[in-house]
Amino acid sequence: MNNKIRENALYSSYLSSDDEKKRMYDYEINKASRVDESANYNLLTGLPVLRMFNILCTDIIRSNPDKKFGVIMSDITQFKAVNEFLGRQTGDMVLHKIADCLNAHVQQRPLTVAGHARADIFVLFTAYEDRSELSDIATGIKNEINALPLAYHVNISFGICASEESQPSISYIRDCANLALHEIKGKHYADCLFFEDSMRTDMLKEKLIESELLIAIENEQIVPYIQPQVDMSTNRIIGGEALTRWIHPSQGLIAPDEFISIAEDSGLIISVDYFIWQKVFEYQRKVIDSGRQPVPISVNVSRMHVYDPDMTRVLTQFVKTYDVAPEYVPLELTESAFTSDENKIILTMENLRSLGFTISMDDFGSGYSSLNMLKSRDMDEIKIDKGMLSDLDNKKGRIIMSSMLDMLSHLDVNVIAEGVETPQQQDFLVSNGCTNAQGFLFYKPMPLAEFDKLI
Ligand code: C2E
Ligand code: CA
Ligand code: CA
């Protein structure tokens, strides 16, 4: 404790009433804010930090009840990469440039405040008449940043909230602008988005799913369904794929499309996957115990496991606990996983292969990296994406598919077609040498107990 603080602490313990303590506290706060003015402004750009920004905006809102106000929030896409490619100095220069643009608006427009929220996130608050004024401001800033002579393209996006309310709360409009900004992520066609009420409802729905999902895992409402895979030349079941289903107590069966991406965003997918993997290992053990020969049941490995340091340990632990050979639980990795952090995932995969696991490349043909991956990586299985099958009704689609199957037959890799729905697709595949398939034409995903009766 330094002397000053000790003095104050001593002093406050002598104060008799709470009122006196409060007065003392206010005095200290005031003194601190006078002494440390810099804490209210960003050191790099000199713009108000959020706390100060809020105070300034609230003052304006209070004294102008007849005005409409908007907030524009900006974020640079992958600012870290900008710093890495161009150097910190240039990164700082870009931030200064944004601050200059905002300051220019503060000078030109009445009732306007600029702020520097953190790192590469800026805010502008202003009174407006027409929404287009706000998007014009964003476009103007974007143009200025684009005009900088830089060797790396700096992309900046904007979330805008144009409040129609009289005397809105600054935190609320800022929050809405922030939601709009988040909504832009992953939408490459847009760099400026206005807040809409649906964004809040979507966000709340996602939050609800997120909070319920954790309980669902604990209460075993998450279950694996199995979709059998067949050899079309003999109609025998040669394996299966475990696909997650959420048996919700009030909403019934929920398909993975509704919760997998939310689980990925929140990191919960790791637990979902572990849970499904364990159920599959457990099931394979039961099959062996009943004296039957198991067929491989593959599991999905989310691309989020690229950043999961425990994956290999967890899988080898399941192999040990259930005493089930890893070849009975092939790992399906979607093509796009390899584009996120390629080297890392490849090392993990090679390690898992050396431990006896087989790796299947899921959704082959749905992304950009398919052919590259084939060239440089050892895969055990390629799963042809159902999108390619739906193209079989046109001539080009058929040419591409038959050439691809021909090419794959020269590589030492197992091939299976996914999403086979019609006898025509089946005939085409078989006549082009692809006999393994998974699809509604044969079986839909089913509960474990049903699958168990089939094999
Ligand atoms: P996926 O891995 O590509 O799984 C195949 C999807 O195609 C499944 O959808 C399956 O029901 C569907 N399908 C199979 N045959 C046909 C067909 O003939 N026609 C059509 N139209 N569809 C067919 P599902 O079960 O809804 O799963 C969707 C996606 O969710 C999966 O795509 C996978 O990416 C993800 N997913 C499912 N379970 C898990 C899991 O346990 N972990 C992870 N990380 N992802 C999972
Ligand atoms: Ca899959
Ligand atoms: Ca697939």
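What follows is calculated from the coordinates using simple rules that are stated; it is not laboratory data. Here the structure is a predicted model, which is why all the values come from computation and not from measurement. Cβ: placed from backbone, ideal geometry, glycine included. Neighbour counts: every protein chain shown.
Remark: region 331-422 carries a charge dipole of roughly 260 debye about the Cα centre, counting +1 on each Lys and Arg Cβ and -1 on each Asp and Glu Cβ. By the beta carbon rule, with partners counted only under 4.7 Å, the chain holds these lone Cys residues: C57, C101, C192, C434.
Counting neighbouring Cβ atoms within 10 Å and putting the fewest first, the residues D75, D393 line up as D393, D75. Taking 23 Å as the limit for the C-alpha separation, the pairs K286/K320; K386/K444; K395/K444; K375/K395; K80/K142 exceed it in the case of K395/K444; K375/K395. For the chain, the longest principal axis of the Cα atoms and the long axis of helix 395-410 meet at an angle of about 70 degrees.
Against the chain, whose longest principal axis is taken from its Cα atoms, helix 269-289 shows a tilt of about 20°. The longest stretch of the chain left intact once loop-based GluC sites (Glu not before Pro) with at most 13 other Cβ atoms within 10 Å are removed from consideration, loops following DSSP, is 221-455.
Toward the positive end of the charge dipole of the chain, with +1 on the Cβ of Lys and Arg and -1 on the Cβ of Asp and Glu, the farthest Cα among G46, P330, L253 is that of G46. Summarising the label geometry, the points placed 7 Å from Cα in the beta-carbon direction at Q89 and N351 lie 4.0 nm from one another.
Only helical runs count toward this figure. For the chain, summing -39,500 (n - 2.57) over DSSP H runs of n ≥ 4 and dividing by all residues gives -15500 deg cm²/dmol at 222 nm. Between A119 and H410, full extension at 0.36 nm per residue minus the direct alpha carbon distance yields a gain of 99.6 nm.
Given the options H182, V430, T316, identify the residue whose Cα lies farthest towards the positive end of the charge dipole of the chain (+1 on Cβ of Lys, Arg; -1 on Cβ of Asp, Glu). Result: H182.
Rounded to whole numbers, the Karplus 3J(HN,Hα) couplings from phi for region 437-448 are 8, 9, x, 4, 4, 9, 8, 8, x, 9, x, 3 Hz, using 6.51 cos²θ - 1.76 cosθ + 1.60 with θ = phi - 60°, and x at Gly and Pro.
Between 0 and 90 degrees, the angle of helix 50-63 with respect to the longest Cα principal axis of the chain falls at about 60 degrees. In the chain, the DSSP beta bridges split such that about 65 percent are antiparallel, to the nearest 5.
Between E327 and M203, the modelled label-to-label distance comes to 5.2 nm, taking each label 7 Å out from Cα in the direction of the beta carbon. Taking the Cα centre of the chain as reference, the dipole from Cβ charges on Lys and Arg (+1) and Asp and Glu (-1) amounts to some 700 debye.
Loop sites by DSSP among the chymotrypsin sites (Phe, Trp or Tyr not before Pro) of the chain, restricted to those with at most 16 other Cβ atoms within 10 angstrom, leave 190-367 as the longest stretch without any of them. In the chain, a dipole from Cβ-located charges (positive for Lys and Arg, negative for Asp and Glu) runs towards its positive end, and of T244, N219, T139 it is T139 whose Cα lies farthest in that direction. If you sort the three axes of the alpha carbon gyration tensor as a ≥ b ≥ c, you get a/c of 1.5 or more for region 366-455 and a/b no higher than b/c, which makes it oblate.
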